[in-house]
Amino acid sequence: MVGTIILIIIGAILLAALVLWLFGERWRLLRRSTWESLKAGGLRNLLNLKSLDMYIYKRWTNQYVGILIKHFVPHIVPHLRAREKRRLADHHHSKVLTPEMARAIITNNREIPLHDLEQVIPYSMARSLVLNAPPAVAVCECACRHARQNPCQPTQVCMAIGQPFVDFALEHNPESSRRLTQSEALELLRAEHERGHIHTAWFKDTLMDRLYAICNCCKCCCGGIEAMVKYGLPVLAPSGYIARVDETRCAACAICENACPFGAIQIDDTAVVNWEACMGCGVCVGQCPNEAMSLVRDERKGVPLDVRILAQD
């Protein structure tokens, strides 16, 4: 009898602990935004466990990305074949944005549900764009910078875009995320551009196959840039533009060469752009003291993710 009572007490304690763990205010795993995310993902994502991956990725982003950067990318990716790398990138990738494109997303003033953007995002998965008018924005800790020993500053530079991603970040990680006004988001984009960092729009198949974040990436810390440049994982799609040099203005100072995240510029008598490597991010344009660099449209680099143009179709 005593043994039975002890077991009942232990069971009650464990049950209470489970309830507190799931629903307690501090440790709650299932919140209003969690249910909204699960509903938005649909029954199919519940059955194939994509919703579980979504929850883990968004709830523990720093830990998730840290494992990818420190272990998976350097130790597994180099041994993959080109087809396997492409398949892997198909599930998690980004589109490089010019500063103007990034600002246009933040200042969008009408509903934009766009699908089948395979010309814009050349992957079979995660190629939808769903924006409110204007989109909700929250700034979060950059998981890539968080994973580095001496990260670039500031570290709170990644922006969750739209619902339910914004509410999920605010409810589950209130200590490392905060809501931004439109003017605050624009100021963040401006400051990061001046620091020589690039804007990227990220897509992930477990996050409802759509845009979920704009990251402000530095070549020192960004796991996506490192995976592409160092290990040949094609996770970044070019902006649709390419850098052009005005040789009459170029002083061959090498500032653009050092600033380019993709190693696409070399200095001879003037700066020379490697067409294959250039992603059209515009960092060189912002860093050149002589205004010798500009971006020009290049159809061979794909269609820009410019909501001002896409929304007119």
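The values are calculated or read from the model by the stated rules, or taken from the named source; none is laboratory data. Everything numeric here is computed off the predicted structure, so don't read it as measured data. When we count neighbours, we look across all protein chains shown, and the Cβ atoms used for this are built from the backbone with ideal geometry, even at glycine.
Restricting attention to the stretch 259-268 and to residues that are under 24 Å from the mean Cα position of the chain (by Cα) and surrounded by 14 or more Cβ atoms within 10 Å (Cβ to Cβ), the residue that is farthest from Cys217 (Cα to Cα) turns out to be Ala264.
Mind listing whichever residues of the stretch 210-249 are of a type in the set (S, T, N, Q) and closer than 23 Å to Ile309 by Cβ? Walk me through it before giving the result.
First, pick out the residues of the stretch 210-249 that are of a type in the set (S, T, N, Q): 216, 239, 248.
Residues satisfying the conditions are Asn216, Ser239.
Among the residues of the stretch 138-172, those identified as charged (D, E, K, R) and either crowded, with 19+ Cβ neighbours inside 10 Å or under 17 Å from Lys70 (Cβ atoms) (or both) are Glu141, Arg145, Arg148, Asp167. Scoring Thr181 on the criteria (1) out of contact with any Cys (no Cβ under 7 Å at 6 or more places or on another chain); (2) at pLDDT below 95 leaves a single failure, condition (2). The number of residues in the stretch 244-293 that are more than 23 Å from Arg190 (Cα to Cα) and part of a helix (DSSP H, G or I) comes to 0. Here Cys284, Cys215, Cys256, Cys250 are screened, and the one residue that is in contact (Cβ under 8 Å) with a residue 24 or more places away in the chain and closer than 19 Å to Ala126 by Cα is Cys215.
Mind checking whether some residue in the stretch 191-200 is at pLDDT below 90, surrounded by fewer than 22 Cβ atoms within 10 Å (Cβ to Cβ), at negative phi and among the hydrophobic types (A, V, I, L, M, F, W, C)? Spell out the reasoning first.
Initially, the stretch 191-200 is screened for residues at pLDDT below 90, giving none.
No, every residue in the stretch 191-200 fails to be at pLDDT below 90, surrounded by fewer than 22 Cβ atoms within 10 Å (Cβ to Cβ), at negative phi and among the hydrophobic types (A, V, I, L, M, F, W, C).
Report yes if Arg86 is assigned to a loop (DSSP other than H, G, I, E, B), basic (Lys, Arg), under 30 Å from Arg300 (Cα atoms) and touching a residue at least 24 places away in the same chain (Cβ under 8 Å), otherwise no. Here the answer is no, as Arg86 does not meet what is asked.
Is it true that Cys288 is over 23 Å from the mean Cα position of the chain (by Cα) and either surrounded by 17 or more Cβ atoms within 10 Å (Cβ to Cβ) or polar (S, T, N, Q) (or both)? Judged against the criteria, Cys288 is a match.
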